[in-house]
Amino acid sequence: MTTASAERVLLLDGQTTQALACARSLGRAGATVLVASARRRPLASWSCYCERQIQLPDESIDSFAQLRQSAAMLGATLVLPLTERSCLLLNAERGEWQREGITVAAPDATTLEQAFDKAHTIRVAERCGIAVPTTRVPSALAECGDIAAELGLPCVVKGRFSSAWMGTHFLRDTGTSYVRTPEELEAAVLRHRQGEYWPVVQRFVPGRGKGIFTVSHGGRPLAWFAHERLRDVRPTGSGSSLRRAAALDPRLERPAERLLREMRWDGPAMVEFRDDGEHEPYLIEVNGRFWGSLQLAISAGVDFPQLWLSALRQKAAPVPQPYRTDVTLRWLWGDAKRLLYVMAGPPPGFPGAFPSRLQGLREVLGAQPPGTRSETWDPADPWPAVGEWVQGIGELLARRSGSDRDRGSAAVRRNRRLPHAFGRSGTSQPEVTTTPYRPGRIG
Ligand SMILES: Nc1ncnc2c1ncn2[C@@H]1O[C@H](COP(=O)(O)OP(=O)(O)O)[C@@H](O)[C@H]1O
Ligand SMILES: [Mg+2]
């Protein structure tokens with residue numbers, strides 16, 4: 001009997017690749033897996049380990065309150081959020097979840113803020129002597145001229161939060177902007193402002209994006225993993241679509257460890273740097289949740305979801321062994337998205353190298369590095385490999401028709417704090433299904 005077999009784990013954000021990785025990891029360990037998402041057929045619900053699927057009408061406090069009721073009815077023992085938005089929505093009513101006997105597997109709000117607020121992260125990193133890009137947060141447009149003179153151009157502008165919680169709804173950031181002139185800086189600052197939060201303006205750091213991954217307990221990392229991004233989904237830098245396990249680089253591990261200790265971080269974290277191989281790596285951000293390429297760590301031998309479950313339950317965690325570095329995983333749908341980004345061309349002002357359309361086609365359709373495996377395909381759990389395309393194509397079609405632009409903004413209309421509009425959509429109750437659309441259950 002394993003630790004996990006008594007657990008009924010509610011995975012949120014079932015549309016993400018990390019949700020699928022968690023479903024497989026915890027399901028294999030014997031846990032019962034429930035999957036929730038605002039999508040109709042989320043990726044993780046195609047897994048043979050998914051016992052129940054719960055569809056949320058949107059991402060709002062009300063939907064999460066209803067989700068909590070469904071979770072309690074289904075006997076959930078633990079809820080695991082996989083995006084920043086879900087972490088924030090869970091923490092908004094953390095006590096209520098815990099009163100239902102459901103452990104919230106996310107750091108508390110104060111700890112989380114150190115990672116979710118990029119300006120805060122940079123301050124903590126500076127305090128412990130970690131190299132960071134020179135960063136300014138304007139409080140008026142009039143400051144942009146001075147900031148441009150101080151940082152030099154080009155510089156980058158990005159929202160303070162990937163998704164800023166405005167009390168009733170989220171405002172998502174649109175991704176990093178690269179700015180060449182003081183006029184462009186003003187426009188970008190306005191574009192990335194999230195309500196009262198002015199954006200972060202940073203010196204452009206050349207080099208490659210590098211991440212290092214851990215689960216930390218009480219500020220102490222339990223295990224580390226590193227990978228090499230062979231292809232990013234966005235050629236300007238983002239999560240990867242092709243990745244290879246890599247040996248740990250002490251130049252990244254040392255500052256990441258210092259930072260997480262200072263934050264007293266409790267839970268999963270991906271610490272992101274930019275590194276030109278010459279200077280000290282520059283800290284870019286901390287993603288305080290399980291990351292998109294989680295399956296690679298598990299396939300290489302570091303089972304972070306199981307490690308964290310053991311830590312949360314104060315059980316002796318399996319001693320981490322040296323992991324394999326000969327594992328390369330390809331996220332096929334990520335590559336399809338990359339191709340679309342390449343075809344669209346570089347964003348205005350992007351100062352780095354950007355692949356041509358021909359290169360883009362070659363790398364995605366041509367031969368892959370020896371030993372490359374598909375991340376989603378698993379003969380013991382085959383349906384997610386189909387689900388990935390159903391979900392991805394559905395996403396593209398919805399975006400085209402403009403119906404799914406931002407489910408967070410749908411929450412504005414359906415939130416408890418705007419009662420006149422709540423429930424108009426007709427699906428304000430979470431729908432619980434036993435994944436009926438799947439052609440068959442395996443295992
Ligand atoms: N100061 C910077 N210099 C160069 N590139 C940057 C800088 N800040 C961010 N980027 C690029 O933008 C990407 C997204 O920024 P990041 O802070 O990681 O936000 P998020 O991942 O939440 O969108 C990074 O992966 C990196 O490629
Ligand atoms: Mg990032």
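Tell me which residues, restricted to region 40-53, are at pLDDT below 95 and closer than 22 Å to R68 by Cβ. Residue satisfying the conditions is R40 alone. Please verify whether region 131-153 includes one or more residues that are within 16 Å of ligand 2 (Cβ to nearest atom), over 19 Å from P347 (Cβ atoms) and not basic (K, R). Yes.
A single entry from F225, F213 fulfils the requirement of being within 14 Å of ligand 2 (Cβ to nearest atom), within 20 Å of D303 (Cα to Cα) and either at pLDDT 95 or above or basic (K, R) (or both): F213. The set of residues in region 321-352 being exposed (fewer than 12 other Cβ atoms within 10 Å of the Cβ) and farther than 22 Å from T174 by Cβ consists of Q321, P322, R324, D326. The set of residues in region 200-238 being open to solvent by less than 10 Å² (accessible area, probe 1.4 Å), over 19 Å from the mean Cα position of the chain (by Cα) and β-branched (V, I, T) consists of V200, V201. Based on what the data block shows, is G237 in contact (Cβ under 8 Å) with a residue 60 or more places away in the chain, away from ligand 2 (no atom under 15 Å from the Cβ) and either in contact with an Asp or Glu (Cβ under 6 Å, 6 or more places away or on another chain) or at positive phi (or both)? Criteria not met by G237.
With a requirement of 2 or more residues that are open to solvent by less than 10 Å² (accessible area, probe 1.4 Å) and either closer than 22 Å to E388 by Cα or without any contact (Cβ under 8 Å) to a residue 24 or more places away in the chain (or both), the strands (runs of 3 or more DSSP E) lying completely within region 26-85 that satisfy it span 32-37, 50-55. Identify the single condition in (1) touching a Pro at 6+ places or on another chain (Cβ under 6 Å); (2) closer than 25 Å to A109 by Cβ; (3) not acidic (D, E) that F273 does not satisfy, given that it satisfies every other one. Result: F273 passes all but (2). Of all residues in region 242-273, those that are of a type in the set (D, E) and under 18 Å from the mean Cα position of the chain (by Cα) total 2.
Note on region 263-274: residues that are open to solvent by less than 10 Å² (accessible area, probe 1.4 Å) and within 14 Å of ligand 1 (Cβ to nearest atom) amount to 3. The lone criterion from (1) loosely packed, with under 14 Cβ neighbours inside 10 Å; (2) modelled with pLDDT under 95; (3) outside the structural domain of A92 (by TED's automatic domain parsing) left unmet by A367 is number (2). Scanning region 99-114 for residues that are without any contact (Cβ under 8 Å) to a residue 40 or more places away in the chain, assigned to a helix (DSSP H, G or I) and charged (D, E, K, R) turns up at least one hit. Evaluate region 294-307: report whether one residue or more is under 21 Å from A115 (Cα atoms), among the β-branched types (V, I, T) and at pLDDT 95 or above. No, every residue in region 294-307 fails to be under 21 Å from A115 (Cα atoms), among the β-branched types (V, I, T) and at pLDDT 95 or above. Six or more apart or on different chains, Cβ atoms under 8 Å: show the pairs whose first residue is in region 123-152 and open to solvent by 40 Å² or more (accessible area, probe 1.4 Å) and whose second is assigned to a loop (DSSP other than H, G, I, E, B). Listed by first residue and then by second, the contacts come to E126/V132; V137/R160; V137/W198; V137/P199; S139/W198; E150/T134.
Only one of the numbered conditions (1) within 16 Å of ligand 2 (Cβ to nearest atom); (2) within 22 Å of L26 (Cβ to Cβ) is violated by G301, and that is (1). All conditions in (1) acidic (D, E); (2) touching an Asp or Glu at 6+ places or on another chain (Cβ under 6 Å); (3) more than 21 Å from G334 (Cα to Cα) hold for D266, with the sole exception of (2). For region 176-189, the count of residues that are open to solvent by 40 Å² or more (accessible area, probe 1.4 Å) and without any contact (Cβ under 8 Å) to a residue 24 or more places away in the chain is nonzero.
Within region 275-301, the set of residues being within 29 Å of Q15 (Cα to Cα), open to solvent by less than 10 Å² (accessible area, probe 1.4 Å) and over 12 Å from the mean Cα position of the chain (by Cα) comprises L283, L296, A297, A300. Does any residue of region 245-260 turn out to be over 27 Å from F161 (Cβ atoms), surrounded by 20 or more Cβ atoms within 10 Å (Cβ to Cβ) and in contact (Cβ under 8 Å) with a residue 24 or more places away in the chain? Yes, there is a match, as at least one residue in region 245-260 is over 27 Å from F161 (Cβ atoms), surrounded by 20 or more Cβ atoms within 10 Å (Cβ to Cβ) and in contact (Cβ under 8 Å) with a residue 24 or more places away in the chain. The strands (runs of 3 or more DSSP E) found wholly in region 160-262 and carrying at least 2 residues that are aromatic (F, W, Y), in the same structural domain as Q368 (by TED's automatic domain parsing) and away from ligand 1 (no atom under 14 Å from the Cβ) occupy 220-232.
The values are calculated or read from the model by the stated rules, or taken from the named source; none is laboratory data. No experiment lies behind these values; they were computed from the predicted model shown. Cβ coordinates were reconstructed from backbone atoms using ideal geometry, including for glycine residues, and neighbour counts include every protein chain displayed. Accessible surface areas use protein heavy atoms only, side chains included; no ligands, DNA or RNA. Shrake-Rupley method; radii C 1.70, N 1.55, O 1.52, S 1.80 Å.
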